[in-house]
There are 2 protein chains.
Amino acid sequence: MRTSRLLFLFLLLVPLSLQAASQGRRPSSTGRFSPELTRELDRLHKAALESTYAYSQLAHLTENIGPRLSGSSQAAAAVQYVAGELKRLGLEVRLEPVSVPHWVRGIESGEIVQFQGQASGITQKLVLTALGGSVATPLEGFSAEVAVVDDFDQLNRLGRTAISGKIVLFNAKFDKQMASQGLGLEAYEQSVVYRGGGPTQAARLGAVACLVRSVGSADYRLPHTGSTFYADDAPKIPAAAVTAEDADLIAHLAAQGPERIHLTLTPQTLSNEPSYNVIADLKGTTRPDQVLIVSGHLDSWDLGTGAIDDGAGVSAAMAAAQLIRALGLHPQRTIRVIAWMNEENGLAGARAYAADHSAELKNHVAAIESDLGAGHPTGILAHIDRPGLEVLQPLGEILKSSGAGSIRVTDGPVGADISPLDAAGVAGFSPLQDSRTYFNYHHTAADTLDKVSPRELAENCAVMALLAYTLANIPEPPQLKPAATAGH
Amino acid sequence: MRTSRLLFLFLLLVPLSLQAASQGRRPSSTGRFSPELTRELDRLHKAALESTYAYSQLAHLTENIGPRLSGSSQAAAAVQYVAGELKRLGLEVRLEPVSVPHWVRGIESGEIVQFQGQASGITQKLVLTALGGSVATPLEGFSAEVAVVDDFDQLNRLGRTAISGKIVLFNAKFDKQMASQGLGLEAYEQSVVYRGGGPTQAARLGAVACLVRSVGSADYRLPHTGSTFYADDAPKIPAAAVTAEDADLIAHLAAQGPERIHLTLTPQTLSNEPSYNVIADLKGTTRPDQVLIVSGHLDSWDLGTGAIDDGAGVSAAMAAAQLIRALGLHPQRTIRVIAWMNEENGLAGARAYAADHSAELKNHVAAIESDLGAGHPTGILAHIDRPGLEVLQPLGEILKSSGAGSIRVTDGPVGADISPLDAAGVAGFSPLQDSRTYFNYHHTAADTLDKVSPRELAENCAVMALLAYTLANIPEPPQLKPAATAGH
């Protein structure tokens with residue numbers, strides 16, 4: 001899951017429940033779906049909750065393949081593996097080319113080499129990791145004095161005199177209380193601005209390197225990586241995330257007197273690599289030209305094995321197709337499984353798809369993406385117009401029995417990869433997941449298979465499969481914009 | 001806190017509360033302490049709960065000094081620092097020599113280089129850390145096939161044919177449920193036998209290296225170090241702890257087919273170093289020859305900064321003396337603060353003290369040690385005889401207001417450093433702490449200052465200070481053995 005303004009979505013959530021939408025009218029629970037569709041969805045629901053298919057796919061992606069950073073051998077292996085699996089399911093599979101960045105992590109080390117009360121021969125080791133896209137220090141590293149700031153305002157108040165020649169630490173604390181109350185994305189958005197923009201802001205004032213406090217809720221000396229974005233018109237300085245504990249240490253010692261850090265980062269940005277979105281169609285019977293996307297992103301960060309971000313999403317998307325096939329169901333519209341490439345550090349896959357398929361987007365009825373882990377889903381988050389909410393009510397009634405019956409409308413895109421489609425007017429959906437622990441592990445070495453509960457992953461598969469099958473079969477799927485003004 | 005059979009203590013807890021001991025009689029709450037002592041303890045209690053002294057000491061030990069493994073520059077700096085602080089308090093301070101091991105961590109890396117379903121060019125990196133005392137691999141490491149076992153029985157059933165030439169992984173899972181219910185020490189004891197004895201057991205069957213699943217409850221890709229013990233009559237093979245996640249990965253892949261790991265560990269065992277127990281006396285007024293020890297251990301593992309293990313214990317012991325001095329109180333017996341050296345990998349300090357002071361141990365009325373972090377104390381754990389429990393009842397009544405009024409008797413020593421004294425018949429005490437999260441951090445890089453709550457540390461200081469002052473002043477302190485048979 002990536003830094004993006006679109007992640008403000010929870011701030012924008014329309015507090016409009018399904019129940020509220022249908023206030024005053026009490027339609028029979030699934031009355032507006034055909035009896036046949038209702039029966040099929042019930043079968044799909046039961047099968048999805050009992051299925052271990054997605055978990056076995058996730059196990060392979062994480063344990064037999066591993067981290068899948070764009071441009072890596074593992075990402076290439078994952079493309080071949082997912083394509084092969086989807087072919088085995090009988091889908092029409094193609095690989096659509098995407099040129100992706102190829103950034104590789106190198107040595108990364110840091111230590112506090114001068115501080116108040118320092119005894120002879122003692123330094124303090126730091127636990128840190130380079131931010132994605134960071135430039136390198138010299139091979140032997142360098143030392144500089146530290147300036148600690150809480151935010152951009154404080155940085156700018158200090159100004160060039162105080163910042164020039166320094167290693168700047170942005171010590172913005174991730175709001176754990178907020179995350180523990182289910183508002184992890186909000187907490188993330190508050191802090192991630194320093195990871196994204198901190199290096200450039202510090203460099204504009206003459207800083208020689210930038211550290212950020214890890215954007216996440218772990219307190220296990222665990223650094224969180226993620227992309228940083230250099231402005232073209234500012235110097236590019238090496239950038240790393242220190243753990244929460246190390247940020248505390250640096251800040252405490254800086255408050256006591258002058259402090260110097262020696263920093264070594266040797267990542268490399270290599271030439272772009274050819275890669276692919278994996279696209280697999282389960283052709284519609286009566287309206288094959290109309291497309292419904294169900295997706296997750298196949299690339300991951302390099303520290304963990306990309307289980308919650310986003311092996312789970314890809315596996316759930318694959319499972320949607322597998323379950324529909326296994327039950328012998330036939331969608332009227334085409335269900336297109338997409339395993340996106342390069343969500344984490346470029347969004348090249350999503351951009352390429354939107355560009356390559358621009359002429360066909362009017363035939364895209366909706367796009368579903370799962371990219372917030374595999375926590376228990378309480379329902380569906382939708383970027384659709386208000387009337388669409390009522391159309392989906394019977395689906396909410398069916399999903400209610402697995403605790404996933406809430407359908408909430410928001411005002412922005414609900415997934416990074418489907419945001420270019422959203423911009424083109426395609427309705428967007430995602431599972432509405434329990435994300436309370438997501439940012440403990442997100443972008444860390446601890447994003448591993450054990451963080452996914454097989455049961456909860458199956459619940460997410462149920463949401464993805466039933467939503468996809470519904471959107472592929474109901475006469476009038478919800479739209480992003482009112483029909484009169486929509487692009488399609 | 002160290003591996004030791006003595007840690008079975010909770011299994012042996014005499015389920016005898018203070019209330020039960022005094023069943024049928026209802027003495028006035030503090031009726032058996034003199035009014036003066038009661039007033040003094042009340043003042044001490046209030047002062048301890050308001051004091052930030054221990055936390056500031058802990059901050060210095062962890063942040064300005066850092067990890068304090070025996071033989072390191074940091075351990076030497078800590079000795080000087082604590083001695084200086086205790087002198088500043090007006091105590092009679094001396095450094096008593098201890099020869100300590102000097103083991104230094106080197107490069108440590110591992111990767112799975114062959115496994116089922118492996119795509120070209122892909123290996124799986126492991127997160128691991130050398131066990132304390134481990135011998136090294138060659139500088140370039142070596143590769144070998146893996147054998148995964150859950151326990152010693154399974155190892156022995158497999159036998160030499162299956163184990164010879166292999167890297168053995170002991171995959172014993174730490175019982176998190178047990179720990180979360182307050183039985184962390186029991187859970188630890190169940191698993192730590194593989195860390196301590198696994199390498200030797202595996203080597204006896206021809207294994208070339210030994211991995212153990214980290215002994216602890218973290219699931220943040222965090223390896224837990226700790227001592228391993230080589231038998232003299234078995235080959236010494238390199239030994240490391242992998243994280244819980246990596247143990248899962250290795251086990252899952254091993255179940256699918258042959259698996260090879262490349263392991264590199266370059267720790268070194270250097271010559272023993274001279275070091276010291278820091279001993280500081282607050283002389284008793286009327287019975288200065290009678291000694292009451294209040295203590296923690298000054299050395300720590302090298303990955304974290306030794307906050308919960310055991311900077312907190314040392315700081316609380318220092319605070320006991322500081323609080324008594326600050327209030328102008330005068331113990332009748334001598335209160336001896338000890339910062340023990342080398343608890344973690346040798347217990348040399350504790351052994352040296354018991355040997356050097358063997359002739360005086362008959363004058364040691366009791367020894368207090370805190371070495372299970374700084375979680376909220378619910379009271380006191382005591383290795384004393386049953387009648388002693390009643391003697392302490394008034395103290396329990398006073399501590400009750402801060403939630404620390406429970407006094408529990410156990411059948412074995414209550415701290416590693418005071419275990420030689422226990423063996424010599426000296427009554428032993430420790431705070432009875434909330435250890436539910438202790439083994440999340442114990443022996444890891446995440447044992448850092450933020451894991452200690454200032455409020456809870458102050459509560460522990462209250463227990464240590466009031467217990468020390470009580471034992472230094474009541475006419476007949478509880479004894480370890482009935483008076484008739486005790487060594488003193």
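The values are calculated or read from the model by the stated rules, or taken from the named source; none is laboratory data. This is a predicted model, so every value here is computed, not measured. Note: ideal-geometry Cβ built from the backbone for every residue, glycine included; neighbour counts use all protein chains shown. The accessibility values were calculated without ligands, DNA or RNA, using every heavy atom of the protein model including side chains. Shrake-Rupley method; radii C 1.70, N 1.55, O 1.52, S 1.80 Å.
Quick look at the values:
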quantity: Search result, residues across the range B:356-391 that are of a type outside the set (Gly, Ala, Ser) and out of contact with any helix residue (DSSP H, G or I) (no Cβ under 8 Å at 6 or more places or on another chain); calculated: B:356, B:357, B:360, B:362, B:363, B:378, B:384, B:385, B:387, B:391
quantity: Any hit, the range B:281-302, residues being modelled with pLDDT of 95 or more, more than 23 Å from residue B:460 (Cβ to Cβ), surrounded by 24 or more Cβ atoms within 10 Å (Cβ to Cβ) and not basic (Lys, Arg); calculated: yes
quantity: Qualifying positions in the range B:210-249 - at pLDDT below 95 and crowded, with 24+ Cβ neighbours inside 10 Å; calculated: B:217, B:218
quantity: Some residue of the range B:406-417 being within 28 Å of residue B:272 (Cα to Cα), surrounded by fewer than 24 Cβ atoms within 10 Å (Cβ to Cβ) and not acidic (Asp, Glu); calculated: yes
quantity: Enumeration of residues in the range B:134-153 that are open to solvent by 30 Å² or more (accessible area, probe 1.4 Å) and in contact with a strand residue (DSSP E or B) (Cβ under 9 Å, 6 or more places away or on another chain); calculated: B:135, B:136, B:138, B:139, B:140, B:142, B:143, B:145, B:148, B:150, B:151, B:152
quantity: Of all residues in the range B:405-424 being among the charged types (D, E, K, R) and touching a helix residue (DSSP H, G or I) at 6+ places or on another chain (Cβ under 6 Å), the one that is modelled with the lowest pLDDT; calculated: B:411
quantity: Output for the range A:95-107, where each listed residue is in a strand (DSSP E or B) and over 19 Å from residue A:229 (Cα atoms); calculated: A:95, A:96, A:97, A:98
quantity: Boolean, residue A:72 is among the polar types (S, T, N, Q) and out of contact with any strand residue (DSSP E or B) (no Cβ under 6 Å at 6 or more places or on another chain); calculated: yes
quantity: Filter pass, residue B:361 being touching a Ser or Thr at 6+ places or on another chain (Cβ under 9 Å), open to solvent by less than 40 Å² (accessible area, probe 1.4 Å), closer than 30 Å to residue B:77 by Cα and not in a loop (DSSP other than H, G, I, E, B); calculated: no
quantity: Residue check, residue B:270 of a type in the set (A, V, I, L, M, F, W, C) and surrounded by fewer than 24 Cβ atoms within 10 Å (Cβ to Cβ); calculated: yes
quantity: Sole exception among (1) crowded, with 19+ Cβ neighbours inside 10 Å; (2) farther than 29 Å from residue B:50 by Cα; (3) under 16 Å from the mean Cα position of the chain (by Cα) for residue B:430, by number; calculated: (2)
quantity: Selection status of residue B:114, without any contact (Cβ under 8 Å) to a residue 24 or more places away in the chain, open to solvent by 60 Å² or more (accessible area, probe 1.4 Å) and within 14 Å of another protein chain (Cβ to nearest Cβ); calculated: no
quantity: Tally, over the range B:320-347, of residues that are open to solvent by less than 20 Å² (accessible area, probe 1.4 Å) and over 13 Å from residue B:293 (Cα atoms); calculated: 8
quantity: When residues of the range A:124-133 are limited to those that are within 14 Å of chain B (Cβ to nearest Cβ) and surrounded by 18 or more Cβ atoms within 10 Å (Cβ to Cβ), the one farthest from the chain's Cα centre (by Cα); calculated: A:124
quantity: Residue B:45 open to solvent by less than 60 Å² (accessible area, probe 1.4 Å) and assigned to a helix (DSSP H, G or I); calculated: yes
quantity: Matching residues in the range A:174-195 - criterion: being buried (at least 16 other Cβ atoms within 10 Å of the Cβ) and either in contact with a Cys (Cβ under 6 Å, 6 or more places away or on another chain) or not in a helix (DSSP H, G or I) (or both); calculated: A:174, A:175, A:183
quantity: For residue A:162: the one exception among (1) in a helix (DSSP H, G or I); (2) at pLDDT 95 or above; (3) within 29 Å of the chain's Cα centre (by Cα); calculated: (3)
quantity: Residue B:68 of a type in the set (Lys, Arg), assigned to a strand (DSSP E or B) and more than 28 Å from residue B:379 (Cβ to Cβ); calculated: no
quantity: Residues within the range A:198-209 that are open to solvent by less than 20 Å² (accessible area, probe 1.4 Å) and outside any loop (DSSP other than H, G, I, E, B), tallied; calculated: 6
quantity: Residue check, residue A:56 in a loop (DSSP other than H, G, I, E, B) and at pLDDT 95 or above; calculated: no
quantity: Residues satisfying the stated conditions in the range B:60-84, i.e. surrounded by fewer than 23 Cβ atoms within 10 Å (Cβ to Cβ) and more than 12 Å from chain A (Cβ to nearest Cβ); calculated: B:83
quantity: Members of the range A:421-469 that are among the acidic types (Asp, Glu) and under 20 Å from residue A:59 (Cβ atoms); calculated: A:447, A:450, A:456, A:459
quantity: Residue within the range B:457-472 that is within 14 Å of chain A (Cβ to nearest Cβ), more than 15 Å from residue B:311 (Cα to Cα) and at pLDDT 95 or above present; calculated: no
